[in-house]
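Peer 1: Here it is: the structure, laid out below.
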Amino acid sequence: MNALKWLWNYVKKYRLSLLAVLFLTAGFIVCAFVIPIVLGRFVDDVIYGGKTSLLFFYVFLIIGSVVIKEIIVYIRQISVENSSQRTIKDIRNRLYGKLQTLDCSYYDRTRKGDIMSRLTMDTEAIRVVFVSTIPSLVDQIFFMVIGFFVIFSASPLLTLLLFSTCPFIAAFAYFLAKYIKKDYVAMREANSELNTVVAENISGNRVVKANAKEEYEIEKFEKKNEQYKNAFMGHIKTWVKYCPAMVFFVHMTNFIFILFGGYLVMKKIITVGQFTTVNGCLWCITSPMASVGNIINQFQQFSASVIKIRQLEDEEPLIQNRNVQKRDTGLNGDIQFKNVTFAYEGDRVLKNINFTAKSGETIAIVGPTGSGKSTLVNLLARFYDPTYGTIYLDGINLKNIDVKTVRQNIASAMQDVFLFSDTIKNNIAYGAPNATYEDVVRVAKIADAHSFITKMSEGYDTMVGERGTGLSGGQRQRISLARALLKNPSILILDDTTSALDMETEYYIQENLKETHRTKIIIAHRISSVKNANLIMVLNHGNLIEWGTHDELIAMNGYYKGVFDHQFGDFNNAPSYHINHPIKENITKYNKSGR
């Protein structure tokens, strides 16, 4: 009932349409009962009573009832489908809107296939209940109740005998409903895992082919497919355990009617016309009995889907606005990290980071892979909150600035470039949809993308494949950089943005970026990308181990000097530097402070 109550919150805005459907249902049921009642009167009055003058009247009533019933069925189906589609559209819009509010931690812990299933498979289960299960249930209840009175008026004794099988069917229906819901939950989870494998394989098909792992992927899919098959067979076993018994008692109703109904006719307790009426209304009993299994089946699938959808609806983002002091205004770009520590699932990623950057300065971050460089800028964009410590923008605690304001004033060109299936122009203008064509060309020239774009057949109107398929890594990086520049942010984050570019192109872009008077944070492995920064920070295993200008770090003869010598050829004399502490350090004690 909780699932239906939840559905009603979406459906109630269309209650006038549903009220009209209810009136149509009443007309449909009346027409359905006219046929057996008139047929019974036809047998008694015309065939046995000899009242031939009533022949055409009864025929007209039967034909008219059939025509009206079919018209009602058509109109009702259209009305129900229209209401259901509008309801499902509202549910999908709400779910998709909720997904936009959730932060990165939700996507980190939730499978892609599970999210897709909630928007497709689960909403389809709701549509089926709306269009098929609920209307069928309403019909069957009306048929059962009205049929009882029609048959009872013909023969009370025969009515009681026919309905004697109902308690047995109800008992088996109870056990079916009790166990089949667990089966649907298992099937839904198995389907979600299957979808996840497919989605990952499609996204990573180039990696699969590059490593010749097709057979491995097929084997992985077969395992998940086998799990889904087993879950489905568990559902079938439950169905087979209880449904045949229900069907048996449905057939028993027909047996009772033939045996005892025939006996009552022979004893002239009821007329042949009454027997015909009961026979015509027998489906009012058998049809609801036979449909109990399907109704339970669909409703339990609906209940399992509602559970998953409500879990998504109940999700709350960890990143929220609280005590906002600055909203919908620009930022100067002053940055301060004060004793910032970040742990993910109990494992320390950054520890006690402190630094300050004034507006317009360039901060560079270097360090080995996995040292926490990207995590640091993710904290600045507030994709995550620090486990401990505070980040300030323009002297204001980052948590007290409207999240949208923060992200509107920060633009990132990340190492993992994502491009949408759209034109190059629209990809560049994604963060600034009101930008003119001239604006797009201007930033493309700064990013050194204009030259290769204009050589394409459609220029800036060239369609980009999914995730940038059809473009080289360097081309994708330059489009991503242009997209970041077009936002004209207060803080520009370049996360290994030029790693796929040659040295000449990188130098050209760096010279162009000197003209952008905004705070820049550059993450790079190349010394050439960071040597002119106002402050260079060296991270290793989440610790800030060195900081200073290029010349100061060279003089330290530490990690940075070792990287410099390796890149510029002095391999034999290059120092080796490594900080000795574990990569993963459990800091559960910090969890209470923010995560």
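The values are calculated or read from the model by the stated rules, or taken from the named source; none is laboratory data. Not measured: the values here are computed from a predicted model. Every residue, glycine as well, gets a Cβ built from its backbone with ideal geometry; the counts of neighbours run over all protein chains shown. For accessibility, only protein heavy atoms count, side chains too; no ligands or nucleic acids. Shrake-Rupley method; radii C 1.70, N 1.55, O 1.52, S 1.80 Å.
Peer 1: Considering region 440-497, what Rg and Dmax in Å follow from its alpha-carbon atoms?
Peer 2: Taking only Cα atoms of region 440-497, I get Rg and Dmax of 11.4, 35 Å.
Peer 1: List the lysines whose alpha-carbon lies under 27 Å from that of residue 178, not counting same-chain residues fewer than 8 positions away?
Peer 2: Residue 178 reaches 5, 224, 229, 237, 241, 308.
Peer 1: With every protein chain kept in the model, how would you rank 242, 48, 179, 228 by accessible area, 1.4 Å probe, largest at the top?
Peer 2: 48, 179, 228, 242
Peer 1: Report, in cubic angstrom per residue, the convex hull volume of the C-alpha atoms of region 1-155.
Peer 2: Convex hull volume per residue, Cα atoms: 132 Å³.
Peer 1: Follow-up. Estimate the FRET efficiency between residue 237 and residue 138 by the formula 1/(1 + (r/R0)^6), using the beta-carbon distance for r and 30 Å for R0, to the nearest 0.05.
Peer 2: 0.45
Peer 1: Relative contact order, percent, of the chain when contacts are C-alpha pairs under 8 Å separated by at least 6 residues?
Peer 2: Taking the mean separation of contacting Cα pairs over the length of the chain, I get 14 percent.
Peer 1: Next question. Measure off, as a whole percent, the carbon and sulfur share of the 1.4 Å-probe accessible area of region 232-297, all protein chains present.
Peer 2: 72 percent
Peer 1: Magnitude of the Cβ-charge dipole of region 1-136, K/R +1 and D/E -1, about the Cα centre, nearest 20 debye? List each step's numbers first, then the result.
Peer 2: Values: 18 positive and 10 negative charges, 114 e Å.
That gives region 1-136 a dipole magnitude of about 540 debye.
Peer 1: Still on this structure, please answer the following. Report the calculated FRET efficiency for residue 220 and residue 355 (r = Cβ-Cβ distance, R0 = 30 Å), to the nearest 0.05.
Peer 2: Values: r = 44 Å, r/R0 = 1.46.
Between residue 220 and residue 355 the formula returns 0.10.
Peer 1: In nm, what is the difference between 0.36 nm times the number of residues separating residue 458 and residue 86 and their Cα-Cα distance?
Peer 2: 130.1 nm
Peer 1: Over region 173-276, what number does the Rg to Rh ratio reach, with both radii from the alpha-carbon atoms and Rh per Kirkwood?
Peer 2: With Rh from the inverse mean 1/r over Cα pairs, Rg/Rh is 1.44.
Peer 1: Taking the Cα-to-Cβ direction at residue 212 and at residue 230 and moving 7 Å from each Cα, how far apart do the two end points lie in nm?
Peer 2: Reported label-point gap for residue 212 and residue 230 is 3.2 nm.
Peer 1: More than 23 angstrom separation, counting every C-alpha pair in region 294-384; what % is that?
Peer 2: Roughly 51 percent, rounded to a whole number.
Peer 1: Once a ≥ b ≥ c are taken as the square roots of the eigenvalues of the Cα gyration tensor of region 39-92, is the result rounded (a/c under 1.5), prolate (a/b larger than b/c) or oblate (a/b not larger than b/c)?
Peer 2: Note, shape of region 39-92 comes out prolate.
Peer 1: Now a separate question. Equivalent-ellipsoid semi-axes (√(5λ), Cα gyration tensor) for region 384-470, whole Å, largest first? Present the calculation step by step, with values, prior to reporting the outcome.
Peer 2: Working: eigenvalues 217, 43, 25 Å².
They are 33, 15, 11 Å, listed from largest to smallest.
Peer 1: A further question follows. What's the percent breakdown of Cα-Cα distances in the chain across 10 Å bins, shortest bin first?
Peer 2: Histogram of Cα-Cα distances, whole percents per bin: 3, 12, 17, 18, 14, 10, 8, 7, 5, 3, 1, 0, 0.
Peer 1: Please name which of 264, 280, 296 has its Cα lying farthest along the dipole of region 209-359 towards the positive end, using unit charges on Cβ (Lys, Arg +1; Asp, Glu -1) and the Cα centre as origin.
Peer 2: So the residue we want is 264.
Peer 1: Quick check: pseudo-label points 7 Å beyond the Cα along Cα→Cβ at residue 166 and residue 248, how many nm apart are they?
Peer 2: 2.2 nm
Peer 1: Order 535, 39 by their accessible area, 1.4 angstrom probe, all chains in place, largest first.
Peer 2: From most exposed to least exposed: 39, 535.
Peer 1: So which aspartates and glutamates can residue 12 reach, going by Cα to Cα under 13 Å and dropping same-chain residues fewer than 8 places off?
Peer 2: 90
Peer 1: By accessible area of protein heavy atoms, probe 1.4 Å, what ranking do 263, 559 get, highest first?
Peer 2: Descending order: 263, 559.
Peer 1: Another question, if that's okay. Taking a cut-off of 27 Å between Cα atoms, list the lysines near residue 51, but don't count ones fewer than 8 places away on the same chain.
Peer 2: Answer for residue 51, where 27 Å is the Cα cut-off: 267, 268, listed by chain and number.
Peer 1: To the nearest 20 Debye, how big is the dipole of the chain about its Cα centre, given +1 on the beta carbon of each Lys and Arg and -1 on that of each Asp and Glu?
Peer 2: Details: 66 positive and 54 negative charges, 419 e Å.
Charge dipole, the chain, about its Cα centre: 2020 debye, nearest 20.
Peer 1: Rounded to a whole number, what % of the accessible area of region 121-170 do carbon and sulfur atoms account for, probe 1.4 Å? Present the calculation step by step, with values, prior to reporting the outcome.
Peer 2: On the way: 1800 of 2120 Å².
Percent of accessible area from carbon and sulfur atoms in region 121-170: 85.
Peer 1: What's the extension gain from residue 99 to residue 19 if we count 0.36 nm per residue and subtract their Cα-Cα distance?
Peer 2: Result: 25.5 nm gained on full extension.
Peer 1: Could you calculate the contour length gain from residue 397 to residue 268, that is, 0.36 nm times the residue separation minus the distance between their Cα atoms, to one decimal place in nm?
Peer 2: Contour length minus the Cα-Cα distance gives 37.1 nm.
Peer 1: Along the Cα→Cβ direction, 7 angstrom out, place labels at residue 63 and residue 445. What is the inter-label distance in nm?
Peer 2: 8.2 nm
Peer 1: Over region 117-256, how many percent of alpha carbon pairs lie in each 5 Å bin up to the one with the longest distance?
Peer 2: 2, 8, 11, 13, 14, 12, 10, 8, 6, 5, 4, 3, 2, 1, 1, 0
Peer 1: So for region 49-168, taking the charge dipole from beta-carbon charges (+1 Lys/Arg, -1 Asp/Glu), which of 62, 107, 134 sits furthest toward the positive end?
Peer 2: Positive-end residue among those listed: 107.
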